[in-house]
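Take a look at the structure below.
The values are calculated or read from the model by the stated rules, or taken from the named source; none is laboratory data. All values reported here derive from a predicted model rather than from experimental measurement. Here the Cβ positions follow ideal geometry from the backbone for every residue, glycine too, while neighbour counts run over all protein chains shown.
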Ligand code: GLU
């Protein structure tokens, strides 16, 4: 029987995925984004078509959906939905964060889990891809409510995770506090101290140094490599950053350490512009310690102003780091950035740029780093945390940051090399997808039809 051509095959896999994923907009966007770049790889590897690699890749190995009941501070019973999508474990245990946000649904978890397979492959750390979360909104909830929610969530999740099975971590709405409560409940139920079951733990009890900073620092290291390749550097450049969570804060910090100036940050209420450069300690105080609105930053800093409407992309800059959430840079935002003279866009968040906006950046020869490569430093450092837990060892901050830096340089180089190999040097979207796909496909091929 003759094989379909690469184009026919991609088309057929997309059609099946669409039929099985009715209403799953974000998931289908992520699948299209990857599959549409893979034709040249499949032409070179017809054995992947024969082995049904793509057909298997778009179908999660396992999907767990569960009820999460908890009691709020007034004594009322609340119910949320919990998710864990174990997407692909060809390279290692499922690995990926948990997101707690009202927008979380199966489509969002599947898009994140699908991206995670490729991202994790790029890190070279032998981890599979998965993602989970809940539509629980931690905003405005007391510590007690967050703890009771996390305990209820873990009471089900405990059956599905483990250091050689599936290792969750944080994402939007899940930081050290939530990981702590979940780990505590895991320990209580299992009566075991299995440190490698969750990453992003407190550094005093098994967490890795630099894990908190890693996604943001890593994105800036990637941007630095990408700019270097194009004969430039970060020093002296102005950057717009969106978001004000863990990723945004540490992008700002690293841009400033490397001699650039990050001048914006945002949250759901608006954004701030600080032409003197964001004071990262003040931003941490407002967003992490006080969990306050971002306008509080501008109230305390004379050089800053708060803008209620619009987006940070209206501010003319050299570098853009979208670090908030998916699809936050649309066509109009990309046009505004290009008009403002942007040279490089580096995705700190997952899929923050719409496909139309990516195409526009590429046409305008703006350097573009997709999240699955640029923000891989977080999960890579989670893998380093797993490694330290397994060895019962602990590396210091500088050692950990150097390891992260080396990994991001490797992610950059392998991505760039793949872009060259498949005929579009500097197309990091193609490069990231192709390099990761070959790594995962080869493992799946060698492990048989499972
Ligand atoms: N949620 C992060 C990501 O998007 C990190 C996941 C992890 O550390 O497992 O990659």
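Does residue 224 qualify as being surrounded by 23 or more Cβ atoms within 10 Å (Cβ to Cβ), more than 16 Å from the ligand (Cβ to nearest atom), part of a helix (DSSP H, G or I) and more than 17 Å from the chain's Cα centre (by Cα)? Working first, answer last.
On the way: surrounded by 23 or more Cβ atoms within 10 Å (Cβ to Cβ): yes; more than 16 Å from the ligand (Cβ to nearest atom): yes; part of a helix (DSSP H, G or I): yes; more than 17 Å from the chain's Cα centre (by Cα): yes.
In short, yes.
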All positions within region 250-262 that are in contact with a strand residue (DSSP E or B) (Cβ under 8 Å, 6 or more places away or on another chain) and either surrounded by 24 or more Cβ atoms within 10 Å (Cβ to Cβ) or closer than 18 Å to residue 347 by Cβ (or both): 251, 252, 255, 260, 262
Consider residue 124 against the criteria (1) away from the ligand (no atom under 12 Å from the Cβ); (2) closer than 19 Å to residue 246 by Cβ: it satisfies all of them except one. Which criterion is unmet? (2)
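So, in region 277-297, of the ones that are assigned to a loop (DSSP other than H, G, I, E, B) and out of contact with any strand residue (DSSP E or B) (no Cβ under 8 Å at 6 or more places or on another chain), which residue ends up farthest from residue 177 (Cα to Cα)? Reasoning before the result, please.
So in region 277-297, the residues assigned to a loop (DSSP other than H, G, I, E, B) come out as 277-279, 290-294.
Going one step further and asking which of them are out of contact with any strand residue (DSSP E or B) (no Cβ under 8 Å at 6 or more places or on another chain), we end up with 279, 290-292.
Values: 279: 24, 290: 14, 291: 13, 292: 17 Å.
So the residue we want is 279.
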Being out of contact with any strand residue (DSSP E or B) (no Cβ under 8 Å at 6 or more places or on another chain), crowded, with 16+ Cβ neighbours inside 10 Å and either modelled with pLDDT of 95 or more or more than 24 Å from residue 167 (Cβ to Cβ) (or both) narrows 398, 427 down to just 427
Find the residue count for region 236-269, including only residues that are on the phi > 0 side of the Ramachandran plot and in contact (Cβ under 8 Å) with a residue 40 or more places away in the chain. 1
The conditions are (1) in a loop (DSSP other than H, G, I, E, B); (2) buried (at least 20 other Cβ atoms within 10 Å of the Cβ); (3) away from the ligand (no atom under 14 Å from the Cβ), and residue 233 fails exactly one of them. Which is it? (2)
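Residue-wise test of (1) under 27 Å from residue 134 (Cβ atoms); (2) more than 16 Å from the ligand (Cβ to nearest atom); (3) touching a strand residue (DSSP E or B) at 6+ places or on another chain (Cβ under 9 Å); (4) not in a loop (DSSP other than H, G, I, E, B).
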{"residue": "188", "(1), (2), (3), (4)": "yes, yes, no, yes"}
{"residue": "213", "(1), (2), (3), (4)": "yes, no, no, yes"}
{"residue": "219", "(1), (2), (3), (4)": "yes, no, yes, yes"}
{"residue": "244", "(1), (2), (3), (4)": "yes, yes, yes, no"}
{"residue": "272", "(1), (2), (3), (4)": "no, yes, yes, yes"}
Of the conditions (1) free of Cβ contacts under 8 Å to residues at least 60 places away in the same chain; (2) away from the ligand (no atom under 16 Å from the Cβ); (3) buried (at least 24 other Cβ atoms within 10 Å of the Cβ); (4) within 21 Å of the chain's Cα centre (by Cα), residue 288 fails just one. Which one is it? (3)
Need at least 2 residues that are within 16 Å of the ligand (Cβ to nearest atom) per element, so show me which helices (runs of 4 or more DSSP H) inside region 322-411 make the cut, counting only ones lying wholly within it. 371-374, 377-391
Candidates 184, 204, 196 - the one that is in a helix (DSSP H, G or I), under 19 Å from residue 387 (Cα atoms) and more than 14 Å from the ligand (Cβ to nearest atom): 204
Taking residue 179, is it under 18 Å from the mean Cα position of the chain (by Cα), more than 19 Å from residue 350 (Cα to Cα), within 13 Å of the ligand (Cβ to nearest atom) and in a helix (DSSP H, G or I)? yes
Quick one: how many residues across region 1-30 are outside any helix (DSSP H, G or I) and touching a residue at least 40 places away in the same chain (Cβ under 8 Å)? 5
What number of residues within region 76-129 are assigned to a strand (DSSP E or B) and surrounded by fewer than 22 Cβ atoms within 10 Å (Cβ to Cβ)? 5
Residue in region 130-137 that is more than 12 Å from the chain's Cα centre (by Cα), within 13 Å of the ligand (Cβ to nearest atom) and surrounded by fewer than 24 Cβ atoms within 10 Å (Cβ to Cβ) present: no
